[in-house]
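Undergrad: What follows is a structure written as structure tokens; I'll ask about it next.
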2 protein chains.
Amino acid sequence: MPVKSKDSRPGGRSARVRAAVHRATVDLVQEVGSEKVTIPAVARRAGVNPSSVYRRWGTTSALLADVAAQRQDEGTPELLGDLRKDLERAALWTLTDLSRPGGVAFFRAEVAPDVDERRAGLRECLERVSARFHAALDAAARRGEGAPPLERVLDHVVAPLYFRVVFSIPETNEDYARGLVAELCDSGHVAPSSPDPDPDPDPDPGTNAGQPTHA
Amino acid sequence: MPVKSKDSRPGGRSARVRAAVHRATVDLVQEVGSEKVTIPAVARRAGVNPSSVYRRWGTTSALLADVAAQRQDEGTPELLGDLRKDLERAALWTLTDLSRPGGVAFFRAEVAPDVDERRAGLRECLERVSARFHAALDAAARRGEGAPPLERVLDHVVAPLYFRVVFSIPETNEDYARGLVAELCDSGHVAPSSPDPDPDPDPDPGTNAGQPTHA
DNA sequence: CACTTAAAGCGGTGATCTCTGCTTTAAGAA
DNA sequence: TTCTTAAAGCAGAGATCACCGCTTTAAGTG
């Protein structure tokens with residue numbers, strides 16, 4: 001009578017099916033849009049039986065939420081210790097996450113599920129996004145630096161990014177994201193303890209952050 | 001052979017059916033969400049034959065777009081001649097439009113159609129929204145006043161409103177909308193009637209409309 | 001009023017989706 | 001390796017959807 005973990009059979013075929021379904025979901029979302037993703041279609045493309053998907057995920061909403069959640073947890077940047085740089089990193093990460101294939105579609109997918117689940121999905125999505133910025137702000141506060149409230153960051157950095165990506169407004173690229181952060185930091189609401197602007201020329205190309213070409 | 005208008009039979013039963021379908025669409029969108037709205041369902045609730053809806057609108061996307069467009073054209077405010085007041089009006093109108101039952105759902109509906117139509121729908125939605133603000137800015141420019149570029153208004157007023165309504169962030173009310181406009185106008189990028197571009201007004205940006213301490 | 005005809009209603013067809021018993025495969029433990 | 005059983009595959013029922021000829025109604029016109 002093995003009791004082991006909650007996922008009593010996490011490897012082998014199960015894992016293979018899970019991966020195939022995830023990949024197929026991402027592909028389909030960016031091809032036809034998250035609204036038109038159906039379980040039979042995902043199963044077909046994944047080379048998997050539809051009933052397996054139904055048994056595992058139940059609904060397309062749950063499937064999309066699962067994929068989106070795992071997706072958002074990839075490549076999270078770590079803190080550097082400089083508020084402005086940390087905010088920039090978080091902003092660039094947000095932009096990258098939104099801009100990659102299916103990014104907006106997944107955002108919309110999380111917005112889309114059933115009326116009951118909608119609140120929960122949105123809340124989780126918001127939590128996930130603001131967590132990155134909150135970490136940067138919290139670290140700054142812990143260092144004794146002045147930092148804008150999270151709300152201001154959401155309003156003046158995250159919101160414009162979402163808005164512009166959703167509406168495919170041109171020039172929504174990394175420079176633009178950096179500009180939003182700069183504007184926020186220079187708006188007189190932050191007391192910069194170290195007002196040295198850009199002492200080093202980009203020491204971190206880091207996560208390539210890729211091409212912000214609106215998808 | 002009567003040629004008259006493009007809508008060769010706009011009144012009577014046709015108008016009745018149109019109205020019933022529109023009402024049913026709005027109801028269903030706010031009840032089950034725009035993704036789950038189907039033509040048979042709308043027809044059932046409207047007491048109308050499904051084929052009539054199929055023939056008139058063709059797809060649910062087209063139907064939703066039609067309803068959303070007509071919806072957005074209701075109750076448009078006129079200009080007062082004062083930039084700040086006009087921007088406030090536009091912001092409040094935007095907030096009201098988004099907040100009423102099904103508001104966000106319709107926004108998403110316009111975002112949602114087929115990959116091909118998506119661009120067009122989004123573009124139209126954006127045009128419609130920014131037109132209100134553009135009118136206010138244009139009038140101000142015509143009066144010789146300094147006015148922020150439309151882009152700034154979209155980023156710092158419209159985007160936060162959309163973001164907060166979509167994510168159901170509390171305290172997103174009229175005071176908050178007014179605060180966004182105030183912050184924009186007082187941020188030193190607008191030259192008020194009295195040309196005093198003091199970069200550091202330090203008036204304790206009192207109009208901090210809502211300061212909801214994060215949700 | 002009578003007449004024309006746009007538009008709604010009716011019925012049916014094929015396709016797709018959701019979901020469920022039952023069988024088969026293979027992951028994990030002894 | 002063998003054994004147990006979680007999970008995948010299979011096949012099919014029931015429901016719904018998108019769509020299309022054909023008939024019927026009534027709006028607009030003279």
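Values quoted throughout were computed directly from the atomic coordinates according to the rules given, and no laboratory measurement underlies them. Here the structure is a predicted model, which means the values were calculated and not measured. Here Cβ is always computed from backbone atoms with ideal geometry, including for glycine, and neighbour counts include all displayed protein chains.
Undergrad: Can you work out the FRET efficiency for the pair B:LEU79 and A:SER168, with r the C-beta to C-beta distance and R0 = 41 Å, to the nearest 0.05?
TA: According to the calculation, E is roughly 0.90.
Undergrad: Using the Karplus equation 6.51 cos²θ - 1.76 cosθ + 1.60 (θ = phi - 60°), what ³J(HN,Hα) coupling, rounded to whole Hz, does each residue of segment A:65-76 give in order, writing x for Gly and Pro?
TA: 4, 4, 4, 4, 4, 4, 5, 6, 8, 8, x, 7
Undergrad: Report the relative contact order of segment B:13-58, percent, no decimals, based on alpha-carbon pairs under 8 angstrom and at least 6 residues apart.
TA: Taking the mean separation of contacting Cα pairs over the length of segment B:13-58, I get 36 percent.
Undergrad: Points 7 angstrom from Cα along the Cβ direction at A:ASP138 and A:ASP175: gap in nanometres?
TA: Taking the simple label geometry, A:ASP138 and A:ASP175 are separated by 3.5 nm.
Undergrad: From the phi angles alone, apply the Karplus equation (6.51, -1.76, 1.60; θ = phi - 60°) to segment A:147-162 and give each ³J(HN,Hα) in whole Hz, x where the residue is Gly or Pro.
TA: 9, x, x, 3, 4, 5, 5, 4, 5, 9, 10, 5, 4, x, 4, 4
Undergrad: Would you calculate the separation in nanometres between label points at B:GLN70 and B:GLU127, each defined as 7 Å from the Cα along the Cα-to-beta-carbon direction?
TA: It is 2.0 nm.
Undergrad: Let me ask something else about it. Taking the Cα-to-Cβ direction at A:SER14 and at A:VAL32 and moving 7 Å from each Cα, how far apart do the two end points lie in nm?
TA: 2.9 nm
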